[in-house]
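Student: Quick one: the structure is below, and I'll ask about it shortly.
The values are calculated or read from the model by the stated rules, or taken from the named source; none is laboratory data. Treat the numbers as computed from the prediction; the structure is a model and nothing was measured. All Cβ positions, even for glycine, are placed from backbone atoms using ideal geometry, and neighbour counts span all protein chains on display.
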Amino acid sequence: MQPEKDGCIEGSKRTMAKTILIVDDNDHIRLSLCEQFKREADFEICGEAENGKEAIAKALELHPDLIVLDLSMPVMNGVDAARELKRLMPSVPLIIYSTFGDAFGEQQARSIGISEVVSKSQPAAILVNKARSLLYHNAA
């Protein structure tokens, strides 16, 4: 049994599940995303963070396969965190999941190493599908 961290990890580790770090300053959104990914047999939430600075520390500790970042957060925003995460962990895909996703251009995102931008106005299933596409495309 794996100990529970951040109230988001299930008790038993899935053997082939891809791990995800969820980063958002809104507790409800983090919980919702955790629940959405938990429903998928091929994903496991390895941790949560409330801001970019915390995300970097947790990413270095937990070594997730994918990081989902909010754009607008206190302490360190998603863009600054993405730049640092790409420097430290260049092979880990990053998805910006934000209310401002539509305004954040794909070209700007790619220039700092973000793999996908998903608006919070879209169904969470789109985020899951993009995560799956990134992780299993990268593994091929």
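Student: Filter the stretch 41-74 down to residues that are part of a loop (DSSP other than H, G, I, E, B) and hydrophobic (A, V, I, L, M, F, W, C) and give me whichever is surrounded by the fewest Cβ atoms within 10 Å (Cβ to Cβ).
Tutor: In this case the residue turns out to be Ala41.
Student: Which residues, taken from the stretch 24-40, are in a loop (DSSP other than H, G, I, E, B) and surrounded by fewer than 22 Cβ atoms within 10 Å (Cβ to Cβ)?
Tutor: Residues satisfying the conditions are Asp25, Asn26, Arg39, Glu40.
Student: Among the residues of the stretch 63-100, which ones are at pLDDT 90 or above and touching a Ser or Thr at 6+ places or on another chain (Cβ under 7 Å)?
Tutor: Across the stretch 63-100, the qualifying residues are Pro64, Asp65, Pro93, Leu94, Ile95.
Student: Which of the residues spanning the stretch 108-139 are among the β-branched types (Val, Ile, Thr) and either outside any strand (DSSP E or B) or out of contact with any Ser or Thr (no Cβ under 9 Å at 6 or more places or on another chain) (or both)?
Tutor: Result: Ile112, Ile114, Ile126, Val128.
Student: I'm trying to understand the selection: among the residues of the stretch 101-140, which are within 16 Å of Gly78 (Cα to Cα), touching a strand residue (DSSP E or B) at 6+ places or on another chain (Cβ under 8 Å) and either at pLDDT 80 or above or surrounded by 14 or more Cβ atoms within 10 Å (Cβ to Cβ) (or both)?
Tutor: Across the stretch 101-140, the qualifying residues are Gly101, Phe104, Ala109, Gly113, Ile114, Ser115, Glu116, Val117, Val118, Ser119, Lys120.
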